[in-house]
Amino acid sequence: MRKELLKKIKRVVIKIGSSIITDEKNVIDDKFLRELANQIKELMQKKGLEFIIVSSGAVASGMMVLKIKEKPKRLTEKQALAACGQGYLIHKYSEIFLDKGLYVAQILLTSDDISDRKRYLNAKNTLETLLEKKIIPVVNENDTIATSEIKLGDNDNLSAEVASLTEADLLIILSDVDGFYDKDPTNFNDAKVIEVVASPEKYLKKASSKSGSKVGTGGIFTKLQAARKANLVGIPVVLAKGKRERVIIDIVKGLNIGTLFLPKTVKISHKKYFLAFNIKPKGKIYVDDGARDAIVKRGKSLLPSGVYKVTGSFRTGDVVEILAKDGSAIARGLTNYSLIEVEKIKGKRSSDIEKILGYRYDDEIIHRNNMVVLSEVMGNR
Ligand code: ADP
């Protein structure tokens, strides 16, 4: 099955976890980076594949450069370390990859870059141009300016964003485990690697319930989130041990290594993905039960008649969230009308819009084509 699935891949995003970029002495592991470069070179030359790396390791590098033993707790201290370490890290990549005749480029992103349509397209264009020139982008979160407000939070999710942004064919997440285990492998000796996961949602849901705490802790959740996001837009994900010999070559060959997270057969469009994950809504539109059912169960658009309350500050074309009476978010979409306009037409019939406003853009406040129903994509956010 893997061979079939991975037959036609061309563009691959590889996420390098902080657990493998350093060695047991906590210094950047040159041998690992050389191995990585060797494999990438072979696959670029023999198979014409394209690679994007999402690499952790800036804070660890900073600690190494500044000879700091304990990871600081304060955010600004960590940011300072990352700023210092990122330079060293990219220097290491450049040096080791150049030695094999490969060029790398540094790309630093924040969630703002991905949530703003213009910046998103700029990032996409730059990445495309680098790939055209056979340069390997090495992406990391821009820790210097990424306060918790605008932080993506972790490079697992960032790697899924980058895979989606570049419409990659495969996301490989390299960590210090053989794959995704049925139980946390650090606490359970009998934990076994699951070879194929068709629905990361199932494990994310389980993990958020009390009885699910066995599934795992920490880093594995963000990997499941990343797998789910990539799978939603049709990208397969393999989680495997980074320091296994020829790991990338064997994964690309379709060998049964690590855990394969299967892409959804019915994938969501990039537009819907963007709405669901990348954009912060500018306002809230509360709907009655009838409108909720029409949207969630019957695939309908949002009409003024079902709206009873509206909050926030938004204009035509902004992203807003649609909420049920109990306050739960059910959908997101691009609104045809501003907050002031929705205030005036809420609860009214579409045929009355023109009479009330003096003009009419559309019958719907949010058309179905510009809407994503959260239960269809989130599982558990
Ligand atoms: P990285 O730095 O590579 O991103 P993390 O340390 O954040 O890696 O996450 C990987 C760790 O997650 C593993 O070392 C493992 O101990 C832990 N883990 C917890 N539960 C699981 C699980 N069910 N399957 C695999 N790993 C798990």
In the range 219-270, anything basic (Lys, Arg) and either away from the ligand (no atom under 12 Å from the Cβ) or assigned to a loop (DSSP other than H, G, I, E, B) (or both) is listed as 228, 229, 243, 244, 246, 253, 264, 267
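So if I check each of 167, 195, which one is open to solvent by 60 Å² or more (accessible area, probe 1.4 Å) and either within 11 Å of the ligand (Cβ to nearest atom) or modelled with pLDDT of 95 or more (or both)?
Values: 167 fails: either within 11 Å of the ligand (Cβ to nearest atom) or modelled with pLDDT of 95 or more (or both).
So the residue among 167, 195 that is open to solvent by 60 Å² or more (accessible area, probe 1.4 Å) and either within 11 Å of the ligand (Cβ to nearest atom) or modelled with pLDDT of 95 or more (or both) is 195.
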Note on residue 132: of the conditions (1) crowded, with 18+ Cβ neighbours inside 10 Å; (2) of a type outside the set (Lys, Arg); (3) more than 15 Å from the ligand (Cβ to nearest atom); (4) at pLDDT 95 or above, unmet is (1)
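Give the residue, chosen from 14, 96, 28, that is in the same structural domain as residue 140 (by TED's automatic domain parsing), closer than 23 Å to residue 220 by Cβ and open to solvent by less than 50 Å² (accessible area, probe 1.4 Å). Break it down into steps so the answer makes sense when it comes.
Working: 96 fails: closer than 23 Å to residue 220 by Cβ; 28 fails: closer than 23 Å to residue 220 by Cβ.
Among 14, 96, 28, only 14 is in the same structural domain as residue 140 (by TED's automatic domain parsing), closer than 23 Å to residue 220 by Cβ and open to solvent by less than 50 Å² (accessible area, probe 1.4 Å).
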Apart from one, (1) modelled with pLDDT of 95 or more; (2) over 25 Å from residue 264 (Cβ atoms); (3) among the β-branched types (Val, Ile, Thr) all hold for residue 335; the odd one out is (1)
Residue pairs within 6 Å by beta carbon, gap of at least six or interchain, first lying in the range 291-319 and without any contact (Cβ under 8 Å) to a residue 40 or more places away in the chain, second of a type in the set (Phe, Trp, Tyr) and open to solvent by less than 40 Å² (accessible area, probe 1.4 Å), listed first then second, are 308/286; 309/286
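Of the residues 299, 358, which single one is under 26 Å from residue 277 (Cα atoms) and open to solvent by 30 Å² or more (accessible area, probe 1.4 Å)? Quick ask: steps written out before the conclusion?
Numbers: 358 fails: under 26 Å from residue 277 (Cα atoms).
Within the list 299, 358, the selection yields 299.
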Of the listed residues (103, 88, 93), the one being free of Cβ contacts under 8 Å to residues at least 40 places away in the same chain and either in contact with a Ser or Thr (Cβ under 8 Å, 6 or more places away or on another chain) or farther than 20 Å from residue 176 by Cβ (or both) is 103
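Out of everything in the range 99-129 that is among the hydrophobic types (A, V, I, L, M, F, W, C) and either within 30 Å of residue 318 (Cα to Cα) or touching a Phe, Trp or Tyr at 6+ places or on another chain (Cβ under 8 Å) (or both), what residue ends up being surrounded by the fewest Cβ atoms within 10 Å (Cβ to Cβ)?
From the range 99-129, those among the hydrophobic types (A, V, I, L, M, F, W, C) are 102, 104-105, 107-109, 114, 121, 123, 127; that's our starting set.
If we keep only those that are either within 30 Å of residue 318 (Cα to Cα) or touching a Phe, Trp or Tyr at 6+ places or on another chain (Cβ under 8 Å) (or both) too, we end up with 104, 107-109, 114, 121, 123, 127.
On the way: 104: 23, 107: 20, 108: 17, 109: 22, 114: 22, 121: 11, 123: 21, 127: 22.
Top of the filtered list is 121.
The values are calculated or read from the model by the stated rules, or taken from the named source; none is laboratory data. Since the model is a prediction, treat every value here as computed from it, not as a measurement. Note that each Cβ is placed from the backbone with ideal geometry, even for glycine, and that neighbours are counted across all protein chains shown. To get the accessible areas, we keep the full protein, side chains included, count just its heavy atoms, and leave off ligands, DNA and RNA. Shrake-Rupley method; radii C 1.70, N 1.55, O 1.52, S 1.80 Å.
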